[in-house]
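Worksheet for the structure shown next.
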Amino acid sequence: MLSRLDLRGKTPSTAELRRILPRGGVDIDHVLPAVTPVVEAVRDRGAAAALEYGESFDHVRPASVRVPASVIAEATENLDPTITAALTEAISRVRAFHASQMPTDATLEIAPGGLVGERWIPVNRVGLYVPGGKAVYPSSVIMNVVPAQEAGVGSLVVCSPPQADCGGWPHPTVLAACSLLGVEEIWAVGGGQAIALMAYGDDELEPVDLITGPGNIFVTAAKRLCRSVVGIDAEAGPTEIAVLADCTANPVAVAYDLISQAEHDPMAASVLITDSAELADAVDREVAERYQVTLNHDRVNEALTGVQSGIILTDTLDESVRVADAYAAEHLEVQTEDAEGVAARITNAGAIFIGPYSPVPLGDYAAGSNHVLPTSGTARHSSGLSTHTFLKHVDVINYDRTALKEVAGTVVTLADAERLPAHGEAVKARFENPEI
């Protein structure tokens, strides 16, 4: 069922691996002409334009942009108690881990009387996007809101698309998750118009300074268009899983994990990297036999048979590790003998799941880690959402007269070398000019 890329007997370069490894992706440039007028209209006319576009695209218009407190309270009261308990447990675990990420301020005395420090300051206001559509994502509420809260952001707003079958409001489970986290400001806006509205605001809706959260190609395109106005976390592509496995892996477990990620989206990527042809054959059989019984089997089938999914065969475990690093998966499972040792060799992955009892769905919901992770190979240089995402660090310089005088010659010399003499003169004046 899964396509195969046989690298046995070959040692492709990193450049070649980037060309030949299965990879999907989206052409954001292709939709920019459609999204640009949406962003511009919302910039100029605010919420009115956002509601108009939402009604045009999704045939639903909420009674107001801001979800009333009574609607949020009703959603929370009517939530299945088992879901409430599950969300509460997930929040607890995610909060514990993200609280541990909070960095501390630091100061170093570079020279006597010369202090250089670093202060961590939370972003003042953030906008958190929670998608709708093919699934309901209260887990994305948790993964965005908790690190923002732990960072100490001044205020936040959650944006989620209105649903025609939910009275024109976001899904009640999403609203209830917000309530459990103490979030009171929720906007019933989706798509590119939501990103634009958070970026520009209007006379009644305060704009934000940073936008995070996953979304479809139109959301991603709007992020690109607005990133000169606000910060963004990333341009997220379709979700992906790579399983790095050897002959000790259980093919049934591997098959289930590949299927589970494929049900997110027809463009989701599920990749097995292994030096065992026997495991590859067994996993392929198990996938073909088992995917049809899942609720979203049509979506799974499209994802697993797409160009973005497949099995990669290598000669050795060492080569499998090299391929996995070149692929730089959003989610990487390591199911090998000495899985911890193998995982320690990986440098490029959004998140690493070690051993048969750390499947990706655990991280999606309740491991404590974040599930908003870098896609499309960007894990080679980027990280997932964390408390750090919502913080900025500011350098603080505090030199006294003696300390400045001691280094003045260095500053003057370098300023002259760069043909910027006024820089040096600003330093010399403090010791030569009697007016200072």
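The values are calculated or read from the model by the stated rules, or taken from the named source; none is laboratory data. The shown structure was predicted, so the numbers you read here are calculated from the model rather than taken from an experiment. When we count neighbours, we look across all protein chains shown, and the Cβ atoms used for this are built from the backbone with ideal geometry, even at glycine.
Would region 136-147 turn up any residue that is over 22 Å from residue 193 (Cβ atoms), touching a residue at least 40 places away in the same chain (Cβ under 8 Å) and touching a strand residue (DSSP E or B) at 6+ places or on another chain (Cβ under 6 Å)? No: region 136-147 contains no residue that is over 22 Å from residue 193 (Cβ atoms), touching a residue at least 40 places away in the same chain (Cβ under 8 Å) and touching a strand residue (DSSP E or B) at 6+ places or on another chain (Cβ under 6 Å).
Taking the stated definitions as given, is residue 248 part of a loop (DSSP other than H, G, I, E, B) and of a type in the set (Ser, Thr, Tyr)? Yes: the conditions hold for residue 248.
When region 72-102 is limited to residues that are part of a loop (DSSP other than H, G, I, E, B), touching a residue at least 12 places away in the same chain (Cβ under 8 Å) and not hydrophobic (A, V, I, L, M, F, W, C), the one that is surrounded by the most Cβ atoms within 10 Å (Cβ to Cβ) turns out to be 101. Selection of region 192-217 for residues being in a helix (DSSP H, G or I) and at pLDDT below 95 yields only 217. Selection within region 389-406: residues that are under 16 Å from residue 156 (Cβ atoms) and out of contact with any Phe, Trp or Tyr (no Cβ under 8 Å at 6 or more places or on another chain). The member of this set that is surrounded by the most Cβ atoms within 10 Å (Cβ to Cβ) is 390.
Exactly one residue out of 273, 259 is in contact with a strand residue (DSSP E or B) (Cβ under 7 Å, 6 or more places away or on another chain) and at pLDDT 95 or above: that is 273.
Only one entry of 53, 129 meets the criterion of being in contact with a Cys (Cβ under 7 Å, 6 or more places away or on another chain) and surrounded by 18 or more Cβ atoms within 10 Å (Cβ to Cβ), and that entry is 129.
Residues satisfying the criterion are absent from region 413-421 (criterion: surrounded by 14 or more Cβ atoms within 10 Å (Cβ to Cβ) and among the hydroxyl-bearing types (Ser, Thr, Tyr)).
Looking only at residues in region 159-181 that are within 22 Å of the chain's Cα centre (by Cα) and either aromatic (Phe, Trp, Tyr) or in a loop (DSSP other than H, G, I, E, B) (or both), the one that is farthest from residue 57 (Cα to Cα) is 181. For region 103-114, the condition holds for no residue, the condition being that it is at pLDDT below 95 and assigned to a loop (DSSP other than H, G, I, E, B). For region 209-222, does any single residue satisfy the condition of being among the aromatic types (Phe, Trp, Tyr), farther than 15 Å from residue 25 by Cβ and touching a Pro at 6+ places or on another chain (Cβ under 9 Å)? No, every residue in region 209-222 fails to be among the aromatic types (Phe, Trp, Tyr), farther than 15 Å from residue 25 by Cβ and touching a Pro at 6+ places or on another chain (Cβ under 9 Å).
To keep it simple, each residue is scored yes or no on (1) among the aliphatic types (A, V, I, L, M); (2) within 25 Å of the chain's Cα centre (by Cα).
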residue: 5; (1), (2): yes, no
residue: 13; (1), (2): no, no
residue: 46; (1), (2): no, no
residue: 51; (1), (2): yes, no
residue: 81; (1), (2): no, no
residue: 85; (1), (2): yes, no
residue: 100; (1), (2): no, yes
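Exactly one residue among 229, 208, 219 is surrounded by fewer than 22 Cβ atoms within 10 Å (Cβ to Cβ), hydrophobic (A, V, I, L, M, F, W, C) and touching a residue at least 24 places away in the same chain (Cβ under 8 Å), and that residue is 229.
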